[in-house]
Each structure stands twice: as C-alpha cells, then as structure tokens.
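Novice: Have a look at this one.
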Amino acid sequence: MKQRRHPGALRPGPRATRRRILDGAGEVMSEVGLHRVTVRGILERSAISRGTFYQYFSGIDAVHTALYEHHVEGMTGAIAQAIALDGTPRERLARGVAAYLDVQVRGGRLAAMLQAESIRPESPLRSRREAALDNLVDRLDAVVFGLLGTRIDPYVYRALLIGIEGLLIHVRGCGPITAEQKDRLQAVIYAMILSTLASREHLPRA
C-alpha cells in the first residue's frame, strides 16, 4: 500500500535534493572510481528517480564538476578563514597549511581522485583547477607580501602549489593519509615554502 504524504509534510528543497545526489554520487565514486560510476548507481545510492537526477545534472561529468567545486570551495574557504585570524604572517602561513591538509584528509579517496582527474589536459575539471590555483596564488601572495613586503613572480607560488599537489597525490596513492603522515606533510610543506621565501633575493619579482 502506497504511503500517503501528510498535507503538512515538507518536501526536500532543491538544495537538499542536490546535496543528496552529490552525497550518493560521492559514496559510489569512492568505492568504484570516477570513471566506473553510472547514473543508475547514483540513483540507487541516492534513492531518487532518473527524472529527478536530470533536473539537477546533465550527466556524470556535471556531477564530477560539482563535487570538485565543492571540494575546492571547502579548501579555499578553510584557508581564507585560517589566514584571516590575527597573528604574525608566519603564524598565518602555518595555519593556512594546516587548514589545507585538514580539508585534504577529510576529502579522502574521492578528493584524491578528483584532484588527479583535474590534472588531465582534456578533463572538464581542468579549468576549475586553474581557477583554484589562481585563487591560492593570490592568497599566498597576500600573506608573503605581509611577511616580506615584496611581490614575487606568481609562477613561484604556482610551482610550489603544484609540487604540493603532486606530493599529496603520491602519498594518497599508498592509502589514506594517517595522522603521522599529515604531521609529516605539514612540516615538509611549511619548510618548502619558508626555504623558498628565504631565497627571495634570487627569486624573480612580479
């Protein structure tokens, strides 16, 4: 017998439905991989109809993009909040690195796969990755300017960020990031940035 909805019951809003689809898709992708997931698998995990899915997403690529944008927004937002707090530029930089790693660890296998996918030249995520790198370069530049009072060529920051991204992909390839690995990564990344800035007299200026 079909259950009747109470007249006063509220249906999930568009935002909640979209989030439900993305949560289900993220779970399935974490299990089977980005390129083995199917719309049917997402429908079953999210408990929604095919019609509802296509009201929000044109297909799997659109889901990839939405999940990646959610990850990037969480990462840049956490970093912005960390470096906006009071403290010396060094303290703000250290907090920014810690916030970056916190988001990466929480993102788990799904975040690792999305980041690796975004590096491919033909990936629909590539333009989003470039925009995210631009955002992080701007934030790093602002902190460093407060620390050194000088503008360094943005390519220096981009090279650092791409190196950090590659290191994370390498570590995640061996499994989830442990607490010990996170501490190690934080120390390495912070040292990389500081040692680069210590040679600022030899770095190209903006």
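Novice: Does LEU34 meet the test of being in contact (Cβ under 8 Å) with a residue 60 or more places away in the chain and not in a helix (DSSP H, G or I)?
Specialist: Against the criterion (in contact (Cβ under 8 Å) with a residue 60 or more places away in the chain and not in a helix (DSSP H, G or I)), LEU34 qualifies.
Novice: Cβ-Cβ under 9 Å, sequence separation 6+ or interchain: first residue in the stretch 132-147 and farther than 27 Å from LEU114 by Cα, partner at pLDDT 85 or above and small (Gly, Ala, Ser). Which pairs?
Specialist: VAL143/GLY96
Novice: Is it the case that the stretch 90-100 has a residue that's in a helix (DSSP H, G or I) and farther than 19 Å from THR76 by Cβ?
Specialist: Scanning the stretch 90-100, I find at least one residue that is in a helix (DSSP H, G or I) and farther than 19 Å from THR76 by Cβ, so the answer is yes.
Novice: Across the stretch 117-128, which residue is farthest from ASP23 (Cα to Cα) among those that are in contact with a Leu (Cβ under 9 Å, 6 or more places away or on another chain) and not polar (S, T, N, Q)?
Specialist: The extreme case among them is ILE119.
Novice: If PHE53 meets every condition in (1) crowded, with 20+ Cβ neighbours inside 10 Å; (2) within 23 Å of the chain's Cα centre (by Cα); (3) of a type outside the set (Ser, Thr, Tyr) apart from one, which number is that one?
Specialist: (2)
Novice: So ARG95 ticks every box in (1) over 18 Å from ASN135 (Cα atoms); (2) not assigned by TED's automatic domain parsing to the domain that holds THR17 but one. Which box is left unticked?
Specialist: It fails just one condition, (1).
Novice: In addition: Return the residues of the stretch 63-105 that are among the charged types (D, E, K, R), without any contact (Cβ under 8 Å) to a residue 24 or more places away in the chain and surrounded by fewer than 18 Cβ atoms within 10 Å (Cβ to Cβ); say none if nothing qualifies.
Specialist: GLU73, ASP86, GLU91
The values are calculated or read from the model by the stated rules, or taken from the named source; none is laboratory data. Note that the structure is predicted; figures quoted are calculated from it, not measured. Cβ: placed from backbone, ideal geometry, glycine included. Neighbour counts: every protein chain shown.
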